[in-house]
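All of the numbers you see were taken from the coordinates with simple rules; none came from a lab. All of these numbers come straight from a predicted model, not from anything done at the bench. With ideal geometry, Cβ positions are generated from the backbone for all residues, glycine too; neighbour counts draw on all protein chains shown.
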Amino acid sequence: MSLLEVNGLDVHYGDFQAIYGLDLRVDEGETLAVIGANGAGKSTLLKTIAGLMRPTAGDILYEGASLTPVPSYQRVPKGISLTPEGRKIFRSLTVEENLKVGAHIKRPGPWNLQSVYEAFPLVADRRDRLGVNLSGGEQQAAAIGRALMSNPRLLLLDEVSLGLAPVVVEQIYDAIPTITGNGTTVLVVEQDVNQALKVADRVQCLLEGRTVLEGPPSSLTRDEIAAAYFGI
Amino acid sequence: MQWLNAIIQGILLGGLYALLAAGLSLMFGVMRIVNLAHGVLAMLAAYLGVVFVNNLGLPWFLALVIVVPIMAAVGYVLQWGLFNRAISKGGLAPLLVAFGLAVVLTQLLQQIFSADSRSIQIGALGTSSIQVSDTIYIGWFPLMTFVVGVLVIAGVQVFLNRAPLGRAMRATSDDPETVNLMGINNRQVYALATALAMATVGLAGMFIGTKTQFIPTYGDLVLIFAFEAVIIGGLGSLWGTLVGGIILGVAQTVGSQINPSYGLLVGNLVFLAILAFRPQGLLPKAVTT
């Protein structure tokens, strides 16, 4: 049994369909990267898994049970945690307060203020700063730290690299092995294919809401990925 | 000396206004709801005080201890039953719902308690005072009101700053969707925030209902005082609300000192002046989203 199983998922924004009959599975302990261009439906997929959006058809199974009737705030105690697109750091709270809000439900596990600070020195340095005063990279690192504070079994990372300097992206991705080393399963959504290939055990490429390529990074050639990514 | 007395009495009155305004400020701060039913809810608390103290003969302080949790429960139910539904409709809906609630509740109070003016009896404590100098007396009850007002403002502020639930309220105020990703139900946070706000309204209603004669429509005036205190102090800042309440109180008593009929007028003029020259208030919230 996979930890997460997405079966025949359709998601709409009003009349616009973002995802078409998508199938996807993530096994416990693996890191899956979902890649694709803008508008491929990657962020929509994560929002639907986290419960911020409702599917119009299909189902999502987590630990074998359907998530459809579960509101988003009840998915966190089950171990699903999303670092949302745009980071969504609480602007009027300090970095440390942001992390504490992340730990609000007190799910037990290896992650706490201290271990997050160790994994993200960038966050530790800014712990007393207000969210509104953080740079993009600091926000991203704090947002991942905040998501970890709930000690997720499945961590969903949305567009970690978006709008960040390569050196900062590097720093943040350096923490991924620590996260997976603690037993957390990671589903990462990326436009930056190189970063995704580096951390992922398996890659799934979306194009306009459908899967066009899937496999471990070692089995895929650069040309195959480029063709799938751009739909050529 | 009489001017000094006016200022002292004004500061004490300001404590009452701050107490009145704390709940309004809190609900706006957490949910961006302008609760137009705030004043009449304070009247509801005052009438509960009349029932428990005047009719049932309970001691004043015991009535206070009963009214506050009743009002908190009223707030919790109101939020789940009315405001949460209105918020999901967005825009002006919560404002209109609050307005409708104010109208209905005022009529209901008039139906039950009539339009005769009432006041909660407190006995000797209501009139006893400390003599500070030949001409200055400080009443025990106004002093107690002031102290409670300051303690409530400070208590709510410390709660918001330090308590996990207070932190969750601030986070929810920043971004009500994202808190759900932390396992926090924003609607439940709203309900608890309104319960807390209504607990302070319970206190305020007991104090104002003891201080003055009131009728159901007196809630309109209460709403205006609370609103003025919040605006003068700066939206979303509780310490600002305390400062705003004190400024409003002093303006009213000094105005009354000039001419007994000028009290409300001067208070409103000071409010207008602040609105014209410093519309963000004296101590606005540092971060606005």
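The table below lists the values:
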{"item": "All positions within the range A:62-104 that are in a strand (DSSP E or B), closer than 18 Å to B:M169 by Cβ and under 18 Å from the mean Cα position of the chain (by Cα)", "result": "none"}
{"item": "Residue satisfying all of: in the range A:176-203; part of a strand (DSSP E or B) and either more than 14 Å from the chain's Cα centre (by Cα) or charged (D, E, K, R) (or both); nearest to A:L45 (Cα to Cα) among these", "result": "A:E190"}
{"item": "Residue selected from the range B:170-189 under the condition closer than 23 Å to A:K78 by Cβ and in contact (Cβ under 8 Å) with a residue 24 or more places away in the chain, by the criterion nearest to the other protein chains (Cβ to nearest Cβ)", "result": "B:D175"}
{"item": "Residue satisfying condition, being aliphatic (A, V, I, L, M), out of contact with any Asp or Glu (no Cβ under 8 Å at 6 or more places or on another chain), under 30 Å from B:N5 (Cα atoms) and outside any loop (DSSP other than H, G, I, E, B), within set B:L96, B:L125, B:L105, B:L101", "result": "B:L125"}
{"item": "In the range A:58-77, the residues that are aliphatic (A, V, I, L, M) and under 19 Å from A:H12 (Cβ atoms)", "result": "A:I60, A:L67"}
{"item": "Residue identified as more than 14 Å from chain B (Cβ to nearest Cβ) and at positive phi among A:G136, A:G181, A:G209", "result": "A:G209"}
{"item": "The range A:72-92 residues that are within 7 Å of another protein chain (Cβ to nearest Cβ), paired with ones that are acidic (D, E) (beta carbon under 7 Å, 6 or more apart)", "result": "A:L82/A:D158; A:P84/A:D158; A:K88/B:D175; A:F90/B:D174; A:F90/B:D175; A:R91/B:D174; A:S92/B:D174"}
{"item": "Residue selected from the range A:115-133 under the condition farther than 16 Å from A:Q171 by Cα and not in a helix (DSSP H, G or I), by the criterion nearest to the other protein chains (Cβ to nearest Cβ)", "result": "A:L130"}
{"item": "Yes/no for A:D174 being closer than 30 Å to A:E5 by Cα, away from every other protein chain (no Cβ under 13 Å) and in contact (Cβ under 8 Å) with a residue 12 or more places away in the chain", "result": "no"}
{"item": "When residues of the range B:50-86 are limited to those that are aromatic (F, W, Y) and over 14 Å from B:M27 (Cβ atoms), the one surrounded by the most Cβ atoms within 10 Å (Cβ to Cβ)", "result": "B:F52"}
